[in-house]
Every structure is written in structure tokens, then in C-alpha cells.
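Step one of this worksheet: look at the structure below.
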Amino acid sequence: MSRRSPALLALLLAAGGCTASRLDTPQPTFSGLQAVRAADIPALTVDRFAAGPGLPRGRDRAILIRAAALRPPQGTSFADYLGETLRAALASAGRLEPASALGVSGLLTENRVDSGFGRGRGVLAAEFIVTRGGREIWRKTQRVERDWDSSVLGAVAYIRADQHYGALYQMLVEALLADPDFRRAVRPAA
């Protein structure tokens, strides 16, 4: 979730017309910690996350919300942001191990926001890949979507979309961790 002051963001949007904002660096969340613990998974490394081949050009670097752009943290992409969100969740539960032979990577395949008048909607999807010793052992796409009340006022719609869009990354990580196929794939080989 964004920690930017809603009043300050509204003032900047109103004063500048079209502007851009950045998501905050992903932080561990209580729900992420619970999701990792509930998954009962071994320690993993988080490998490379990248834009998928079907993602529209530029959709990994900025999302337009009305007339303003929302961007990932400086020097990253939305795919990187997804990997960092997973990394933060695993680290919070003591399940992040950079030297692990078991790794998770991903391809961001869908990234959309609609901040319509009265109703907002965000969709995020990624193809997650699990490797063991560098060999792929599992691949599956996870998709999440979220609706929220929007506003006719552009600044208010932007703030609401910013908050709800950022939460999609945590939702997608939690969907991955809850997937029984993922849990089976990362369990130690018998």
C-alpha cells in the first residue's frame, strides 16, 4: 500500500494536471507472512522476473490512471516489483534463501488499471516458474483482479486507483502461495 499523503498527492495532481507517481518499495505485510507460513514451504530463492512476451509495450514501466502515470520504484519495472513483493513475503517468514537450489521466477503477462467514473478495476497476472537445481519443474499462470469505488474527480480517482493497484501485487503473491500445485512443486523430492 502506498504511504504517500493522499492530501499531498491530490494537491500535486490538481496543481500539475498530468503528473506521475511511483509505487513505494514493497514491504512485508502480515497477510504475506501468514500466506508463507500457511503454505508450509521450504526456503526459496527469488530469481528473475520480467515482462512476458504478450504484455503490451511499456505496460511494464508505467500504468496510466486517467491523465497521470503510475510507475514502479525508481530503476525497476512492474515485473521487478512483483519479484520484490514475493521476496519481501518470503523474507518476513524466514523462507528466503539466496543460495537455495529451489527458485521461483516469473513473467508478468497482464497489467491493467481502469479508473472509470464510479468504478475502478485492476487486473494483474503472471506466469510463475519453479526450478530445482536450474531445471524447470513447474509453471502456471496466476491472475487476480480487484474492483473499487472510483470518483468523477481525477485526483480522487488517481489516489484510489494507486492504493488498490499496489495491493494487487500482494494479492498475486498470496494467490501463488495458496495454490496447491505450487505447494506440491516446492516440497522436497521424495
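The values are calculated or read from the model by the stated rules, or taken from the named source; none is laboratory data. Note that the coordinates shown come from a computational prediction; the quantities given were computed from them, not determined experimentally. As a convention, Cβ positions derive from the backbone with ideal geometry for all residues, glycine included, and neighbour counts pool all protein chains shown.
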Please go through segment 1-52 and give me each residue that is modelled with pLDDT of 65 or more, among the hydrophobic types (A, V, I, L, M, F, W, C) and outside any loop (DSSP other than H, G, I, E, B), ordered by number. Phe30, Leu33, Ala35, Val36, Ala38, Ala39, Leu44, Val46, Phe49, Ala50, Ala51
Tell me the residue from Arg121, Arg112, Arg143 that is closer than 17 Å to Asp60 by Cβ, at pLDDT below 95, assigned to a strand (DSSP E or B) and of a type outside the set (Asp, Glu), please. Arg112
Output yes when any residue across segment 110-125 is touching an Asp or Glu at 6+ places or on another chain (Cβ under 6 Å) and not small (Gly, Ala, Ser), and no when none is. yes
